[in-house]
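One structure is given below, encoded as structure tokens.
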Amino acid sequence: MSSSATPIAQRTRAVLDRVRSACDQAHRDTDGVHVIAVSKTRSADEVRAAYEAGMRHFGENYLQDALPKVHALHDLAPQWHFIGRIQANKTRDIATHFDWVHTVDRLKVAKRLDAHRQGMGLPLNVLVQVNVDADADKAGVGTNAELDSLVQGIEALPNLALRGLMTILSSDTDPTTGFKALQAQFARLATHRGSDWNALSMGMSNDFETAIACGATHVRIGTAIFGPRETG
Ligand SMILES: *Cc1c(COP(=O)(O)O)cnc(C)c1O
């Protein structure tokens, strides 16, 4: 292992320890919380170092940056999560190269992902992004009516597996309040859904312990694993 990989390995272990403590405190099983290493702006070598330290899920925001890494780590076959804004003209590559998409917020995009996933054998796992703090600068569905109609629309698409909800909180939103709001929507919708409805993606480096206390099943962690980002 190269020496530059060591800090990533150490940081990864520290994050996993913190996830375990947060699960213990919340009386939750560690198996129910998946760490997504958010690798935007990182090199393929850095991603590989995190994989060697035990990470199996990676999150990317920008398709162009992600594709070389997806190819470079092809031998390891990690799970790739798309967590960025979706441009309609990128849906083919997203549907073919990713295992999960966290940021679906309109039916038009869902339909395109579904069409491009056709024939790949496994459905594409998708989450609906909810703008729980109604931040005008952010993507995500805002109202219950919008959320319910998008959920219904996605359920009709055969090549998508609707797994749950995702949110990105604004920095001025109280994390507990924001995460509880998403968890409440998740629970409300769960009464009409099957066992596939089991993913709640919330929490980042600064607040993942709070997210775990509020029921997160997928925490998206960049800085705490890879160190500070220069850009992005
Ligand atoms: C960058 C990013 C993260 C990770 O943020 P950190 O603060 O570096 O942990 C998580 N989720 C999304 C959607 C992001 O864009």
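The values are calculated or read from the model by the stated rules, or taken from the named source; none is laboratory data. It should be emphasised that the depicted structure is a prediction, and the values quoted were computed from it without experimental measurement. Note: ideal-geometry Cβ built from the backbone for every residue, glycine included; neighbour counts use all protein chains shown. Side chains are part of the model used for accessible areas, which takes the heavy atoms of the whole protein and leaves out ligands, DNA and RNA. Shrake-Rupley method; radii C 1.70, N 1.55, O 1.52, S 1.80 Å.
For the range 183-192, the criterion of being surrounded by fewer than 16 Cβ atoms within 10 Å (Cβ to Cβ), out of contact with any Gly (no Cβ under 6 Å at 6 or more places or on another chain), of a type outside the set (V, I, T) and at pLDDT below 95 is met by at least one residue. Pairs linking a residue in the range 192-220 that is closer than 26 Å to Q152 by Cα and touching a residue at least 60 places away in the same chain (Cβ under 8 Å) to a residue that is of a type in the set (F, W, Y) and within 14 Å of the ligand (Cβ to nearest atom), with Cβ atoms under 6 Å and 6 or more positions apart or on different chains, are V219/F208. Here T41, T103, T6, T91 are screened, and the one residue that is open to solvent by less than 70 Å² (accessible area, probe 1.4 Å), of a type in the set (S, T, Y), away from the ligand (no atom under 13 Å from the Cβ) and within 17 Å of the chain's Cα centre (by Cα) is T91. Can you say whether A211 is near the ligand (Cβ under 9 Å from one of its atoms) and either among the β-branched types (V, I, T) or touching a helix residue (DSSP H, G or I) at 6+ places or on another chain (Cβ under 9 Å) (or both), as far as the supplied structure shows? No.
To keep it simple, each residue is scored yes or no on (1) in contact with a Pro (Cβ under 7 Å, 6 or more places away or on another chain); (2) away from the ligand (no atom under 15 Å from the Cβ); (3) of a type in the set (A, V, I, L, M).
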{"position": "H116", "(1), (2), (3)": "no, yes, no"}
{"position": "V132", "(1), (2), (3)": "no, no, yes"}
{"position": "L157", "(1), (2), (3)": "no, yes, yes"}
{"position": "S170", "(1), (2), (3)": "no, no, no"}
{"position": "R188", "(1), (2), (3)": "no, yes, no"}
{"position": "W197", "(1), (2), (3)": "no, yes, no"}
{"position": "H218", "(1), (2), (3)": "no, no, no"}
{"position": "G222", "(1), (2), (3)": "no, no, no"}
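For the range 166-182, give me each residue that is surrounded by fewer than 21 Cβ atoms within 10 Å (Cβ to Cβ) and in contact with a helix residue (DSSP H, G or I) (Cβ under 7 Å, 6 or more places away or on another chain). Within the range 166-182, P175, T176 qualify. For the range 78-99, a residue qualifies if it is modelled with pLDDT of 95 or more and in a loop (DSSP other than H, G, I, E, B), and the qualifying residues are P78, I83, G84, R85, I86, F98, D99.
For the range 115-134, the count of residues that are of a type in the set (G, A, S) and closer than 20 Å to F58 by Cα is zero. Restricting D133, D114 to residues that are closer than 20 Å to S170 by Cα, among the charged types (D, E, K, R) and either surrounded by 18 or more Cβ atoms within 10 Å (Cβ to Cβ) or within 14 Å of the chain's Cα centre (by Cα) (or both) narrows the list to D133.
Take the residues in the range 24-38 that are touching a residue at least 40 places away in the same chain (Cβ under 8 Å) and either of a type in the set (G, A, S) or away from the ligand (no atom under 13 Å from the Cβ) (or both), then tell me which one is farthest from H218 (Cα to Cα). Residue satisfying both the conditions and the ranking: Q25.
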